[in-house]
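The values are calculated or read from the model by the stated rules, or taken from the named source; none is laboratory data. Please read all numbers here as calculations on a predicted model, not as lab measurements. Reconstructed Cβ throughout: ideal geometry from the backbone, glycine too, with neighbour counts over all protein chains shown. Keep in mind that these areas ignore ligands, DNA and RNA; they rest on the heavy atoms of the full protein, side chains included. Shrake-Rupley method; radii C 1.70, N 1.55, O 1.52, S 1.80 Å.
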Amino acid sequence: MIGDPRVLRAGLQSALQLLFPPQCISCGDPTVSDFGLCGVCWRQTPFITGLVCDRCGTPLPGEEEGRAEYCDDCLTVARPWERGRSALLYRDNARKLVLALKHGDRLDLARPAGGWLHRAARPLLRDGMLIAPVPLHWTRLVRRRFNQSALLSKALAREAGLDHCPDLLLRTRRTQSQDGRDRDGRFANVAGAIRVHPRRRDRMVGRHLLLVDDVMTSGATLAGAAEACIAAGAASVSVVTLARVAKDA
Ligand SMILES: [Zn+2]
Ligand SMILES: [Zn+2]
């Protein structure tokens, strides 16, 4: 059917591929498919595989044996969420990609990142789960014009075929940067700064939530967001981040 928009779109896509052959999303070299990395960049991008901490997704030594294992941090720090995963280690090419997305130079990275998040989050996904981003304070949102975590959560929701609520959470207080703070300082800085949007609460009561952020360092921001969701009546909260700062990485 020539008038079918899907046919038109497919035709347009192949015409565009002739004009613009697929390129590596990191270095721009030719690749076999759209929205992927070339072989060299793939090897320089530390995807997390193998045994991971079931709470934060950090890699652990040893083999998967079908039971949940936890890292030292998650055994000592309160984690109000249930389970967590991360797609990448925050270093090398992964750090470069995360920063390019965060600073708005490469918003197109959200789409491939959505695929990586989907793969990492697969063990956590449940039917009817609601996906929501960790919020930015509105003053920061005005300055930056986008929330990179919301771009990621939207891409993930699309990949996973799950509901997305981009403004489920609000930052009620403008928190200072987490950079340069120790772990206790990071937790104190965000305590009580995040709450559920009063007009979105109905969407989340009794549901399993998956919170999305770009980077997990101490986990303080995710803890604040998860606590707010549990207090507002979520059935459970899990978290997924694009990159995890790991101690020995
Ligand atoms: Zn490349
Ligand atoms: Zn952990």
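Testing residue 153 on (1) modelled with pLDDT of 95 or more; (2) among the small types (Gly, Ala, Ser); (3) open to solvent by 10 Å² or more (accessible area, probe 1.4 Å), one condition comes back false. Which one is that?
(3)
Looking at the structure I just gave you, is residue 158 surrounded by fewer than 18 Cβ atoms within 10 Å (Cβ to Cβ), more than 23 Å from residue 206 (Cβ to Cβ) and in contact with a helix residue (DSSP H, G or I) (Cβ under 7 Å, 6 or more places away or on another chain)?
It is true that residue 158 is surrounded by fewer than 18 Cβ atoms within 10 Å (Cβ to Cβ), more than 23 Å from residue 206 (Cβ to Cβ) and in contact with a helix residue (DSSP H, G or I) (Cβ under 7 Å, 6 or more places away or on another chain).
Quick check: is even one residue across the range 6-19 more than 15 Å from ligand 1 (Cβ to nearest atom), over 30 Å from residue 230 (Cα atoms) and among the charged types (D, E, K, R)?
Yes, that holds for at least one residue.
Looking at the range 184-212, which of its residues are surrounded by fewer than 14 Cβ atoms within 10 Å (Cβ to Cβ) and touching a Gly at 6+ places or on another chain (Cβ under 6 Å)?
205, the sole residue that qualifies.
Which is over 22 Å from residue 22 (Cα atoms) and of a type outside the set (Asp, Glu), of 117, 152, 124, 109?
124
Looking only at the range 117-135, which residues are open to solvent by 30 Å² or more (accessible area, probe 1.4 Å) and not in a helix (DSSP H, G or I)?
The answer is 125, 126, 127, 128.
Give me a count of the residues in the range 206-249 that are farther than 17 Å from residue 53 by Cβ and among the charged types (D, E, K, R).
Qualifying residue count, the range 206-249: 3.
Scan the range 161-183 and report the pairs whose first residue is of a type in the set (Val, Ile, Thr) and whose second residue is part of a loop (DSSP other than H, G, I, E, B), with Cβ atoms within less than 6 Å and a gap of 6+ or a chain change.
175/193
Filter the range 60-114 down to residues that are part of a helix (DSSP H, G or I), surrounded by fewer than 16 Cβ atoms within 10 Å (Cβ to Cβ) and in contact (Cβ under 8 Å) with a residue 40 or more places away in the chain, then give me how many there are.
Final tally of qualifying residues: 4.
What is the residue count in the range 42-53 for residues that are open to solvent by less than 80 Å² (accessible area, probe 1.4 Å) and over 16 Å from residue 90 (Cβ atoms)?
Counting residues in the range 42-53 that are open to solvent by less than 80 Å² (accessible area, probe 1.4 Å) and over 16 Å from residue 90 (Cβ atoms) gives 2.
Out of all the residues in the range 169-183, is one or more open to solvent by less than 30 Å² (accessible area, probe 1.4 Å), modelled with pLDDT of 90 or more and not aromatic (Phe, Trp, Tyr)?
yes
Any residue at all in the range 3-24 that's more than 23 Å from residue 153 (Cβ to Cβ), within 16 Å of ligand 2 (Cβ to nearest atom) and either surrounded by fewer than 12 Cβ atoms within 10 Å (Cβ to Cβ) or over 16 Å from the mean Cα position of the chain (by Cα) (or both)?
no
Could you say which residue among 27, 56 is open to solvent by less than 30 Å² (accessible area, probe 1.4 Å) and either within 16 Å of ligand 2 (Cβ to nearest atom) or not in a helix (DSSP H, G or I) (or both)?
None of the others qualify; the one that does is 56.
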